Ligand SMILES: Nc1nc2c(ncn2[C@@H]2O[C@H](COP(=O)(O)OP(=O)(O)OP(=O)(O)O)[C@@H](O)[C@H]2O)c(=O)[nH]1
Ligand SMILES: [Mg+2]
């Protein structure tokens, strides 16, 4: 039997969570067009007959201006300290930048850990650009395995899994065969609501927004959920509620539909909005929301 832990890392918005979901053919991690969507390390467990890969999706590594961002970066940087392989995801349509350079030239990535350079989003660019990027990345890690993917279309995902299994050590299954994630339904619910809010909102609001589940009651024929949407300013609260409550109704309706798909049961969802000023810089709030290493999540 083969098994191991594999960290999925990279800059924000490159397609890390999309790739994890493609590998597991299930929505484990939320995906939006906004950067810094993922705020926690989230495990996705892939099991085949005689191999198990425990993937760890991570927040995109970015230049942070808030304590929240520092915590997210720390989570990501801690994820690949002791793993059997690292998937470094690259948005092939973007230029190589200063933060990539910093990360690759620091000694944070252990040169003994097998490294996969995943050139994702190749549908958005051309061969010349991809080849230039490859040269750049390979100059830091000449032995890395290069794979091109289009995560939204599942392109090359099977090939990637095959390549990972090849380098995994012999080992036991770490999780039951039918377990797909380390996160519970409560966590999934808060993430789905955040995802739907992020998809509908713009500018600084997505980054200032958090969701807390106040009540999650599993009844025989339905699940009752009360959730709080937290923002940092009164003006943002107004935007989240929308004219005559249209925005919050829309967020609620879309979240409920998505939750019903995942939970396979009827969902009653009540949303409330609350302002906590500057919560992204408050340690106690970050801990309460599950955004620190020592949080419950
Ligand atoms: N065209 C194209 N878009 C993609 C591809 N993979 C992901 N995307 C899109 O890129 C955006 C970001 O995807 P995510 O999976 O949320 O990216 P991420 O790296 O997890 O982002 P963070 O959680 O913010 O770090 C979404 O709009 C995806 O639909 C791809 O291969 N091609
Ligand atoms: Mg993500």
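Out of (1) within 16 Å of ligand 2 (Cβ to nearest atom); (2) in contact with a strand residue (DSSP E or B) (Cβ under 7 Å, 6 or more places away or on another chain); (3) under 25 Å from residue 263 (Cβ atoms), the odd one out for residue 80 is which?
(3)
Using the structure shown, decide if residue 87 is touching a helix residue (DSSP H, G or I) at 6+ places or on another chain (Cβ under 9 Å), surrounded by 21 or more Cβ atoms within 10 Å (Cβ to Cβ) and under 24 Å from residue 151 (Cβ atoms).
yes
Go through the residues of segment 124-132 one by one and say whether even a single one is within 16 Å of ligand 2 (Cβ to nearest atom), in the same structural domain as residue 27 (by TED's automatic domain parsing) and in a loop (DSSP other than H, G, I, E, B).
Within segment 124-132, not a single residue is within 16 Å of ligand 2 (Cβ to nearest atom), in the same structural domain as residue 27 (by TED's automatic domain parsing) and in a loop (DSSP other than H, G, I, E, B).
Collect the residues in segment 46-76 that are out of contact with any helix residue (DSSP H, G or I) (no Cβ under 8 Å at 6 or more places or on another chain) and surrounded by fewer than 18 Cβ atoms within 10 Å (Cβ to Cβ), keeping them in residue-number order.
Result: 49, 50, 65, 70, 73, 74.
Which of the numbered conditions does residue 30 fail, given that it passes all the others? Conditions: (1) under 17 Å from residue 99 (Cα atoms); (2) within 10 Å of ligand 2 (Cβ to nearest atom).
(1)
Search segment 6-17 for residues that are closer than 23 Å to residue 112 by Cβ and without any contact (Cβ under 8 Å) to a residue 12 or more places away in the chain and pair each with any residue that is in a loop (DSSP other than H, G, I, E, B) and within 7 Å of ligand 1 (Cβ to nearest atom) when their beta-carbon atoms are under 9 Å apart and the residues are at least 6 apart or on different chains.
Within 9 Å, no pair qualifies.
Taking the conditions exactly as written (out of contact with any helix residue (DSSP H, G or I) (no Cβ under 6 Å at 6 or more places or on another chain), within 9 Å of ligand 2 (Cβ to nearest atom) and under 16 Å from residue 182 (Cβ atoms)), does residue 17 satisfy them or not?
Here the answer is yes, as residue 17 does meet what is asked.
Which residues, counting only those in segment 207-220, are touching a strand residue (DSSP E or B) at 6+ places or on another chain (Cβ under 6 Å) and not in a helix (DSSP H, G or I)?
Residues satisfying the conditions are 209, 210, 211, 212, 213, 214, 215, 216, 217.
Output the number of residues of segment 231-261 satisfying the condition of being part of a helix (DSSP H, G or I) and without any contact (Cβ under 8 Å) to a residue 12 or more places away in the chain.
Selection size over segment 231-261: 11.
Just the residues that are part of a strand (DSSP E or B) and under 23 Å from the mean Cα position of the chain (by Cα), please, taken from segment 133-171.
Correct list: 145, 146, 147, 148, 150, 155.
Kindly indicate the residue of segment 100-121 that is more than 21 Å from the chain's Cα centre (by Cα) and part of a loop (DSSP other than H, G, I, E, B) and also nearest to residue 165 (Cα to Cα) among those meeting that condition.
114
Being assigned to a strand (DSSP E or B) and within 16 Å of ligand 1 (Cβ to nearest atom) is the filter here, so list the residues in segment 84-99 that pass it.
Those that are assigned to a strand (DSSP E or B) and within 16 Å of ligand 1 (Cβ to nearest atom): 86, 87, 88, 89, 90, 91.
Criterion first (assigned to a helix (DSSP H, G or I) and surrounded by 19 or more Cβ atoms within 10 Å (Cβ to Cβ)) does residue 271 satisfy it?
So residue 271 does not fit the description; no.
Quick one: residue 282 ticks every box in (1) in contact (Cβ under 8 Å) with a residue 60 or more places away in the chain; (2) exposed (fewer than 14 other Cβ atoms within 10 Å of the Cβ) bar one, so which box is it?
Every condition holds for residue 282 apart from (2).
The values are calculated or read from the model by the stated rules, or taken from the named source; none is laboratory data. Please read all numbers here as calculations on a predicted model, not as lab measurements. Note: ideal-geometry Cβ built from the backbone for every residue, glycine included; neighbour counts use all protein chains shown.
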